[in-house]
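Here's the structure we're looking at; comments come further down.
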Amino acid sequence: MDANIEGLMDKITTFIKSEAKSETVVGEAFTLGEYSCIPVIRVGMGFGTGLGEGDAPNAGHGEGGGGGAGMGIEPIGFLVSRGDQISFISTKTNRGLAAAFEKVPDLLEKYLESRPKAAQAS
């Protein structure tokens with residue numbers, strides 16, 4: 001059997017590397033006023049391959065092979081920094097994601113207050 005398992009696994013892992021990024025799941029890092037926010041994800045994956053060949057009586061020779069992978073990606077929170085302070089806001093608890101969204105109006109208000117008055121009018 002002429003199978004290229006290394007080539008197959010290379011293609012699968014290249015695909016996973018290109019997809020298993022926080023940008024793919026929850027977006028790019030962003031800045032809001034003085035705050036920098038970086039999405040954090042959890043990635044789980046599994047791989048499998050199989051090959052077989054044999055001779056069945058009165059049926060001739062048979063070969064087969066296959067490979068596959070599975071991947072699970074979930075957002076788990078955000079790293080939020082301001083100056084030299086860094087905090088983590090989790091999306092895993094009921095308060096985590098809600099707390100992140102509860103802070104958005106305050107962040108927007110502080111950002112708008114820090115802008116010059118002429119920029120706010122436009």
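The values are calculated or read from the model by the stated rules, or taken from the named source; none is laboratory data. Note that this is a predicted model, so its numbers are computed, not measured. Note that each Cβ is placed from the backbone with ideal geometry, even for glycine, and that neighbours are counted across all protein chains shown.
Assorted remarks:
- Residue tally, condition modelled with pLDDT under 80 and closer than 28 Å to Phe15 by Cα, over segment 74-95: 2
- Residue in segment 97-108 that is at pLDDT 80 or above and surrounded by 10 or more Cβ atoms within 10 Å (Cβ to Cβ) present: no
- For segment 18-40, the candidate set comprises residues that are part of a loop (DSSP other than H, G, I, E, B) and modelled with pLDDT under 75; within that set, the residue that is surrounded by the most Cβ atoms within 10 Å (Cβ to Cβ) is Val26.
- Gly67 falls short on exactly one of the conditions (1) more than 30 Å from Phe15 (Cα to Cα); (2) modelled with pLDDT under 80, and that condition is (1).
- Given (1) exposed (fewer than 10 other Cβ atoms within 10 Å of the Cβ); (2) at pLDDT below 80, number of the condition Asp55 does not satisfy: (2)
- Summed over segment 59-95, the residues that are in contact (Cβ under 8 Å) with a residue 60 or more places away in the chain and either assigned to a loop (DSSP other than H, G, I, E, B) or surrounded by 12 or more Cβ atoms within 10 Å (Cβ to Cβ) (or both) give a count of 2.
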